[in-house]
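Notes for the one structure printed next.
The values are calculated or read from the model by the stated rules, or taken from the named source; none is laboratory data. Here the structure is a predicted model, which is why all the values come from computation and not from measurement. Cβ coordinates were reconstructed from backbone atoms using ideal geometry, including for glycine residues, and neighbour counts include every protein chain displayed. All accessible areas refer to the heavy atoms of the entire protein, side chains included, with ligands and DNA or RNA removed. Shrake-Rupley method; radii C 1.70, N 1.55, O 1.52, S 1.80 Å.
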Amino acid sequence: MQQLSRRQFMKVTASTLAGSSLALMGFSPADALAEVRQYKLARTTETRNTCTYCSVGCGVLMYGLGDGAKNAKASIIHIEGDPDHPVNRGTLCPKGASLLDIIHSESRLQYPEYRAPGSNTWQRMSWEDALDRITKLMKADRDANFVEKTGDGKTVNRWLTTGMLAASAASNEVGYLTHKVARSMGMLAFDNQARV
Ligand code: SF4
């Protein structure tokens, strides 16, 4: 066994005692690390959102830097599960846990794009123009193909030539309204990842 001088013995005892006493008072290494993480988020803005990936619709907390001031570029630096969300209670699957990557991905689509028939290039358009275009095309198709009655006189009021695929991460209320809108136009081909 290694021999310790009286001075060395006092040093070891004092540091061990200090270490264990600090741990007893709550200053354990784990808490120290948690404190550093909290500091990283101290100057961020917290925003609630819903994971974009699947129909489970887990709640997430997004932390962004930048306060909207001139020359300040906003950037999301951290995402975690929302502990207050009734669906996931703070948990995220591996896809949800990697949401930060999709947000900063260079190939993430951030605005509507249009590719003309026969063209191989996509051009950017505004949301307003995109919605106008969709509305006009839907009306033209419905006017041309809406079926009020079958050949033998049965009333059906159906529109079979256009379908709709709705978003997955919607609340029950939004899902209910989406369903009502699609059906009110007579549309039968309607689906949703969450199967509203
Ligand atoms: S965190 Fe996972 S389970 Fe939850 S919505 Fe996102 S992809 Fe689906």
request  = For Glu106 and Ile134, compute 0.36 nm times the residue count separating them, minus their Cα-Cα distance, and round to one decimal in nm.
outcome  = 7.4 nm
task = Express the accessible area of the range 67-196 per residue in Å², computed with a 1.4 Å probe while the remaining protein chains stay in the model.
result = 76
task = Rounded to whole Hz and in sequence order, give me ³J(HN,Hα) for the range 147-159 from the Karplus expression 6.51 cos²θ - 1.76 cosθ + 1.60, θ = phi - 60°, writing x for Gly and Pro.
result = 10, 8, 9, 7, x, 8, x, 7, 6, 10, 6, 10, 10
inquiry  = Show me the trypsin sites (Lys or Arg not before Pro) within the range 34-134 that DSSP assigns to loop and that have at most 11 other Cβ atoms within 10 Å of their Cβ.
reply    = Arg43, Lys70, Lys73, Arg108, Arg115
note = Here FRET efficiency (C-beta to C-beta, Thr150 to Lys70, R₀ 41 Å, nearest 0.05) is 0.05
request  = Apply 1/(1 + (r/R0)^6) to the Cβ-Cβ distance of Tyr114 and Arg158, taking R0 = 35 Å, and write down the FRET efficiency to the nearest 0.05.
outcome  = 0.75
ask   = Using a probe of 1.4 angstrom, how much of the accessible area of the range 69-154 is carbon and sulfur, in percent?
value = 53
